[in-house]
Each structure stands twice: as structure tokens, then as C-alpha cells.
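The values are calculated or read from the model by the stated rules, or taken from the named source; none is laboratory data. Small disclaimer: the values here were computed from a predicted structure and weren't measured. Heads up, the Cβs are rebuilt from the backbone with ideal geometry, glycines too, and the neighbour counts pull from every protein chain shown. Remember, those area values only see protein heavy atoms, side chains included, never the ligands or the DNA or RNA. Shrake-Rupley method; radii C 1.70, N 1.55, O 1.52, S 1.80 Å.
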Amino acid sequence: MRKYLSISVFSLIIIIAISLFYLSYFGIKTDNFNSLIKNKIKNYDSRISMILGDVFLKLNLQELSIKLNTKNTKLNINQNYIKLNNVDVHLNLIKFLKKENSIQKIKLISDENKIKNVSNFLSSYRFNFSRSLLFEQIKEGTIQAEANIYFDDKNQNNLNYDLNGNIYDATINLIGADDLKKINFSFDIKKNKYI
């Protein structure tokens with residue numbers, strides 16, 4: 001009897017360990033969090049919609065967090081869109097189990113988007129006359145960026161962010177001069193700090 005109990009306990013421990021490894025490394029496909037992600041975007045701005053790919057749930061035991069991951073996503077606003085290669089939403093596991101506001105961080109990695117698409121999206125989101133004039137001078141080129149949005153533990157409306165990326169093969173129209181072509185550069189933006 002004792003032998004069977006030992007084998008059963010050992011088997012249960014092995015099954016739990018394999019399950020935790022699988023959840024941490026591969027994750028499981030789920031549709032249960034699609035509405036959470038879409039609602040968070042809608043709460044930020046109701047005009048923005050999101051077309052999600054498959055959502056995977058992964059467990060991070062070191063940080064006591066859950067990561068929701070989706071690939072090949074589109075953000076839309078007024079028929080203007082940005083293609084995202086990867087979206088990660090990090091949730092605090094303890095707060096999530098208590099059904100509290102649990103989002104710690106959102107990481108967005110874009111595809112290479114045309115600068116015109118990004119400028120149209122930004123203008124639809126929040127129009128800025130000087131930015132619009134600048135973007136009107138850009139004839140072509142692409143942009144790829146990574147954004148990290150960090151949420152305050154106590155107040156989810158307080159957030160910090162950093163944004164970095166690259167501009168490739170941009171052509172800029174200079175008034176009264178020849179166009180500047182094949183412009184490539186990197187950028188790094190933190191809240192209120194631009195490099």
C-alpha cells in the first residue's frame with residue numbers, strides 16, 4: 001500500500017512539473033483573454049479597435065506573472081492601421097487570481113510599416129499640426145518600433161513608456177531643394193525624453 005501511495009505522489013509531482021514547464025515554455029492557446037486585451041485598448045481610447053491573432057497564455061513563476069502573447073495583430077483607428085508583429089501583456093498572477101486590475105506591462109513590437117500608414121494612424125488618433133506638416137514632407141520609407149508601456153500598481157491610469165525603433169529608406173521632400181533619399185536612423189523615446 002505504501003509503495004502505491006509513493007508511486008502515486010511521485011507521478012502527481014512529475015505531472016505537475018511537466019505541466020508547469022509546458023505552461024512556462026510553450027503556453028496554451030486560449031480565447032478567454034481576447035476581450036480583456038480589446039477592452040483595455042477600448043478603455044484607453046474607444047476609437048481604437050484591435051484585430052487579434054491567436055492568444056497564448058504563458059506562466060512566469062520567477063516573476064509570479066502570466067504573459068498573454070499574440071502575433072500578427074492590427075491596430076485600427078478610422079480605417080488607418082498599424083501592423084504589429086508581437087504583443088505581450090504581463091499580468092500579476094496574485095492580482096489576477098484576486099480579480100483585481102492586474103496588468104503590469106504591455107510590450108508591442110511592430111512589423112515594418114510604411115511611414116505614411118503610421119502618420120495617418122497618429123493623425124487619426126491625436127491630430128498635431130506640426131507633426132502633420134513634418135509627416136507631409138515624407139514621401140516614402142518604413143518604420144519598425146518596439147514600445148513598452150508600464151502601469152502603476154496603484155493607479156492603472158498612470159503609466160510610463162519607452163519607444164525605440166528604426167526608420168529605413170526614408171525620402172524627405174525639402175522645400176526649394178532636392179529630396180533627401182535613403183535616410184536611415186534609430187530613435188529612442190522615453191516619457192518626456194527624446195533621443
| task | Any residue in the stretch 45-68 that's among the hydroxyl-bearing types (Ser, Thr, Tyr): show its pairings with residues that are in a loop (DSSP other than H, G, I, E, B) at Cβ separation under 9 Å, as long as the two are six or more apart or on different chains. | result | Ser65/Ser102
| said: Of everything in the stretch 55-65, what is among the hydrophobic types (A, V, I, L, M, F, W, C) and out of contact with any Phe, Trp or Tyr (no Cβ under 6 Å at 6 or more places or on another chain)? Give them in sequence order. | reply: Phe56, Leu57, Leu59, Leu61, Leu64
| Does Gln144 qualify as being under 15 Å from Ile41 (Cα atoms) and either at pLDDT below 85 or under 20 Å from the mean Cα position of the chain (by Cα) (or both)? | no
| Within the group Asn43, Asn32, which residue is open to solvent by 100 Å² or more (accessible area, probe 1.4 Å), out of contact with any Phe, Trp or Tyr (no Cβ under 8 Å at 6 or more places or on another chain), assigned to a helix (DSSP H, G or I) and closer than 20 Å to Ser102 by Cα? | Asn43
| request: Sort out which residues of the stretch 10-29 are within 20 Å of Leu91 (Cα to Cα), assigned to a helix (DSSP H, G or I) and open to solvent by 100 Å² or more (accessible area, probe 1.4 Å), and write them in order of number. | output: Phe21, Tyr22, Tyr25
| Got a sec? Which strands (runs of 3 or more DSSP E) wholly within the stretch 132-195 have at least 1 residues that are among the hydroxyl-bearing types (Ser, Thr, Tyr), open to solvent by 50 Å² or more (accessible area, probe 1.4 Å) and over 19 Å from His90 (Cα atoms)? | 159-172, 180-190
| message | Suppose we keep only residues that are farther than 27 Å from Thr142 by Cβ and under 14 Å from the mean Cα position of the chain (by Cα) within the stretch 56-89. Which one would you say is least open to solvent (accessible area, probe 1.4 Å)? | response | Leu68
| over 28 Å from Leu122 (Cβ atoms), open to solvent by 60 Å² or more (accessible area, probe 1.4 Å), in a strand (DSSP E or B) and touching a strand residue (DSSP E or B) at 6+ places or on another chain (Cβ under 8 Å), is that true of Phe96? | no
| note | Apart from one, (1) under 30 Å from Ile172 (Cβ atoms); (2) modelled with pLDDT of 85 or more; (3) not polar (S, T, N, Q) all hold for His90; the odd one out is (1)
